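These notes concern the structure reproduced below.
What follows draws every value from the coordinates through simple rules; no lab data is involved. What you see is a predicted model, and the numbers here were worked out from it, not measured in a lab. Don't worry about glycine lacking a Cβ; one is built from the backbone with ideal geometry, like all the others, and counts go over all protein chains shown.
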There are 2 protein chains.
Amino acid sequence: MYEPSDFPPFAVTVDLVVLTVRADELCVLLVRRGEEPFLGQWALPGGFVRVSEAVDDAAVRELGEETGVSGLHLEQLSTYGEPGRDPRMRVVSVAYLALAPDLPVPVAGSDAAAASWVPIEEVTTLAFDHARILSDGVERARAKLEYTALATAFCGGEFTVAELRRVYEIVWGVALDPRNFHRKVTGVEGFLVPTGESTARDGGRPAALFRRGEVGVLSPPLVRAPGS
Amino acid sequence: MYEPSDFPPFAVTVDLVVLTVRADELCVLLVRRGEEPFLGQWALPGGFVRVSEAVDDAAVRELGEETGVSGLHLEQLSTYGEPGRDPRMRVVSVAYLALAPDLPVPVAGSDAAAASWVPIEEVTTLAFDHARILSDGVERARAKLEYTALATAFCGGEFTVAELRRVYEIVWGVALDPRNFHRKVTGVEGFLVPTGESTARDGGRPAALFRRGEVGVLSPPLVRAPGS
DNA sequence: TCAATAGTGTCTCTTAGACAGTATTGC
DNA sequence: GCAATACTGTCTAAGAGACACTATTGA
């Protein structure tokens, strides 16, 4: 009744677009491929989904293996299933977007010769169709900053309003008015929770420290336009 | 070098959430399953991806087979890959969202005993994890009406402002002010293109007919709130 | 003291929403 | 005429953006 021939076999992989903000640049975690195909080229980290493992769980596992950190924001991005996207065999890849604060040096995975944070602007050729996946991931991140509290995922546990503003400015590539930004983000109910502490690490008058709040959706949203 | 055991075999399917607005209700296209498992239960239309076929192309093919119509709006929704979501074998399903105008009676596919438009409110149990997929699809559609011109995909080739407003009201489940709505949608550059024709099919003063414009993203967006 | 950043106040202009009022049809 | 729907005008309150001003630190 269920002939194996009815169900053509596919391999399923997960690919990760892991973004962070470091040194005033939006960076992506890339690995240098240690085997064919595309030996020696930069690629997104990822790997095969195990037979008894949920696809989402495979993404969590790979993210932990690559970054050495757990608990990062992780969401499904899209699925890429063109025949021929992997020259070896028919592979369907489920891509995920992860956002991380500025982490220490990345951990090289077992199947990757080296891992490194690369500024988005400096990425040229990537293995497979990873350039397109990266592009989709960056655009998703940019869009979600507008109407969700996702920007806090780029910050550490505690951060100042100025640090949060830098995230927006770097991801969007625009300048934002510090005063209006301050009024806006502190005015959104549940977005930021004051810790009561303050820090002078940015110079000048000490700034209040905040933690991310419970709110996931921002209303009103922050609009991606200069001068706001 | 590439041992088959390295790449556990999966079956890959596409599932379609096809939505339409008919008789003042948001409806989804469902099929009654003609075989095990879940024999006789309602399910989303879909099927296996062929070995030489892109996943996106499989969705287009299935949509054509089920509706008998081509050129509908179709976008990828999400991918569902829990082990055990199909009792037969390991299946990863890529779900798609399609929006259609009020179509004639749906075509029964070869693997489905019957196909039918079912109001969202009346859907109870579905086969597999299709209830969750449907829920994700409806939420995606509701969200995208706010900031894209997607609502026109529910209308025929030519439509009045009132017909477009009914789409928003039915999908969102809210009442909108006809006067403000008219000013808003006609004010968004490139959203609606006047045909020059008019119709009195809604009674009262004849209304101008419009075609969908080129614009995909609405700015400013329409906000999902009563009284707007 | 100055330089630097944090945070507040205020002004103006745009827009959303409420709703009055006019226009054009069928009956 | 009346009912129904299409469309336009106007008022008000709220928000966005521009930017002056005050506050608090280090050097």
Next item on the list: Along Cα-to-Cβ, 7 Å out, sits the label point; list in nm, shortest first, how far the one on A:ALA200 is from those in the other copies.
Entry: 7.9
Notebook entry, point to check: How far apart are the A:GLY84 label points across copies, placing each 7 Å from Cα toward Cβ, in nm, shortest first?
Noted result: 4.0
Next item on the list: Kindly state, to the nearest 0.05, the FRET efficiency for A:ARG132 paired with A:VAL69, given R0 = 25 Å and r defined as their beta-carbon distance.
Entry: 0.40
Margin query: Please list, by residue number, every one of the GluC sites (Glu not before Pro) in the range A:6-53 that is coil in DSSP and has at most 12 other beta-carbon atoms within 10 Å.
Written below: A:GLU35
Checklist line | Residue with peak Gaussian network fluctuation, chain A [Cα springs, cutoff 10 Å], from A:LEU218, A:LEU97, A:LEU44 | finding: A:LEU218
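Give the order of B:LEU72, B:LEU164 when sorted by the count of other beta carbons within 10 angstrom, beginning with the fewest.
By the 10 Å Cβ count, ascending: B:LEU72, B:LEU164.
Could you calculate the contour length gain from B:GLU197 to B:VAL217, that is, 0.36 nm times the residue separation minus the distance between their Cα atoms, to one decimal place in nm?
Fully extending the segment from B:GLU197 to B:VAL217 adds 4.6 nm.
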Checklist line | Distance between the range A:115-161 and the range B:149-209 - C-alpha centres, whole angstrom | finding: 38
Check: Which loop-located trypsin sites (Lys or Arg not before Pro) does the range A:21-126 contain, where loop means any DSSP state but H, G, I, E or B and the Cβ has at most 12 other Cβ atoms within 10 Å?
Finding: A:ARG88
Check: Within straight cross-link reach of B:LYS144, meaning Cα distance under 21 Å, which lysines are found once same-chain residues fewer than 8 apart are removed?
Finding: A:LYS144, B:LYS184
Check: Comparing A:ALA207, A:ALA43, A:ALA59, which has the greatest mean-square fluctuation in the GNM of chain A with Cα pairs linked when under 10 Å apart?
Finding: A:ALA207
Check: Build a GNM of chain B with springs between Cα atoms under 10 Å: which of B:VAL171, B:VAL91, B:VAL14 gets the top mean-square fluctuation?
Finding: B:VAL91
Next item on the list: Among B:SER93, B:SER135, B:SER52, rank each residue by its count of other Cβ atoms within 10 Å, from fewest to most, as a rough exposure measure.
Entry: B:SER52, B:SER135, B:SER93
Checklist line | Other copies of A:LEU39: label-to-label distances in nm, shortest first, labels 7 Å along the beta-carbon direction | finding: 5.4
Next item on the list: Give the distance, in whole Å, between the Cα centre of the range B:59-81 and the Cα centre of the range A:11-79.
Entry: 28
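So what's the back-of-envelope 222 nm ellipticity for chain B, counting only DSSP H runs of four-plus at -39500 (n - 2.57) apiece and dividing by all residues, rounded to 500? Before the final figure, lay out each step's value.
Values: 4 runs with 53 residues, N = 228.
Mean residue ellipticity at 222 nm (helix-derived): -7500 deg cm²/dmol.
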Next item on the list: Tell me the label-point distance for the pair B:ALA162, B:GLU122, using the 7 Å Cα-to-Cβ offset, in nm and rounded to one decimal.
Entry: 2.6
